[in-house]
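In what follows, a structure is listed as structure tokens, so that the remarks can point back to it.
The values are calculated or read from the model by the stated rules, or taken from the named source; none is laboratory data. All of these numbers come straight from a predicted model, not from anything done at the bench. Here Cβ is always computed from backbone atoms with ideal geometry, including for glycine, and neighbour counts include all displayed protein chains.
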Amino acid sequence: MAGFTDATSVQRADDDSFDTDLDPLWTVGGKPNGGYLLAILARAAIETAGTHPDPLSASAVYLSPPDPGPAAVTVEVLRAGRSASQVRARLSQKDRTCVEALFTLGALAAAGEPRWVDAAPPPVAAEDALFATPSQAPGTGLRIDMLDQFEQRIDWQAVGDPPGELRGWLRLPDGAAWDPVSLLFAADAFPPATFTLGSNGWTPTLELTVYVRALPAPGPLRVRQRARLLTESLVDQVCEIWDAEDRIVAQATQLAAYRMPAS
């Protein structure tokens, strides 16, 4: 099993570039997950900026899906401030750009009581009452190897209430703690909400934006993912993440393509 920290590690090549190895175990249908790639870029951005240890925001465009194996990350510090730094990072493989991201980096505190929040954590069945999603779902023909590396438990009884929404839990193996970088992955770790509306699973991410709001408390993450608008071929969806103390620790929006089965 490739632990998340090891699977997202980068090795400095020179002042503004890093080498990395995209792990085949953190893939969907043989391609590295988008949140996993964003976490790799974040590690390179943090190491380059030096003074700010946490991603506050990340916005990535996905240009070409890379394959597992060696890849390169180049980083440019756009601004180094006292409370925050802005950094651009690019992942490339075989002379093609695959992902480009902008980060705002800072220092996060543990989640406290918010001054105001628009919604309480949604109801989700108890974690131990739900089964872990298998990496090879029967009848799908799609292998999701990354589901062997962490636990995803979806409240299937709640699907369809309301329509276009998935709720459940995420947990790293062996009691590993979630942190701001792994929250970038968590924001893209759930199935697309279009599954609840009849799509056939092909949902490549075009753009993903994540806000990390606080250091998560130890324990599982409560996740709600919901579709907001489906047009002919595109969906935008929102992911909200609460820690084990019911404090919201990350929010994400994503624009993706999707496909409905032939009539």
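Here are some notes:
- Complete set of residues in region 160-186 that are more than 16 Å from Glu240 (Cα to Cα) and of a type in the set (A, V, I, L, M, F, W, C): Leu172, Ala176, Ala177
- Verdict on Val181 being surrounded by 15 or more Cβ atoms within 10 Å (Cβ to Cβ), touching a Lys or Arg at 6+ places or on another chain (Cβ under 8 Å) and farther than 26 Å from Ala137 by Cα: yes
- Neighbours by Cβ (under 8 Å, 6+ apart or cross-chain): first from region 110-135, surrounded by 15 or more Cβ atoms within 10 Å (Cβ to Cβ); second small (Gly, Ala, Ser): Ala111/Ala214; Ala111/Ala217; Val124/Ala158; Val124/Gly168; Ala125/Ala158; Leu130/Gly168
- Within region 79-97, the residues that satisfy the criterion of being farther than 24 Å from Asp179 by Cβ, in a strand (DSSP E or B) and of a type outside the set (Lys, Arg) are Ser92, Gln93, Thr97.
- Among the residues listed as Pro65, Pro70, Pro55, the single one being within 22 Å of the chain's Cα centre (by Cα) and not in a strand (DSSP E or B): Pro65
- Ala44 satisfies every condition listed in (1) more than 23 Å from Glu151 (Cβ to Cβ); (2) in contact (Cβ under 8 Å) with a residue 60 or more places away in the chain; (3) of a type in the set (A, V, I, L, M) except (2).
- Screening region 207-244 for residues that are of a type in the set (Asp, Glu) and either touching a strand residue (DSSP E or B) at 6+ places or on another chain (Cβ under 7 Å) or at pLDDT 95 or above (or both) and picking the one that is surrounded by the most Cβ atoms within 10 Å (Cβ to Cβ) gives Asp243.
- Only one of Ala120, Ala42, Ala125, Ala60 that is modelled with pLDDT of 95 or more, assigned to a loop (DSSP other than H, G, I, E, B) and of a type outside the set (Asp, Glu): Ala125
- In region 194-222, the residues that are without any contact (Cβ under 8 Å) to a residue 60 or more places away in the chain and of a type outside the set (Ser, Thr, Tyr): Phe195, Leu197, Trp202, Pro218, Gly219, Leu221
- Within region 13-23, the set of residues being assigned to a loop (DSSP other than H, G, I, E, B) and in contact with a strand residue (DSSP E or B) (Cβ under 8 Å, 6 or more places away or on another chain) comprises Asp16, Asp23.
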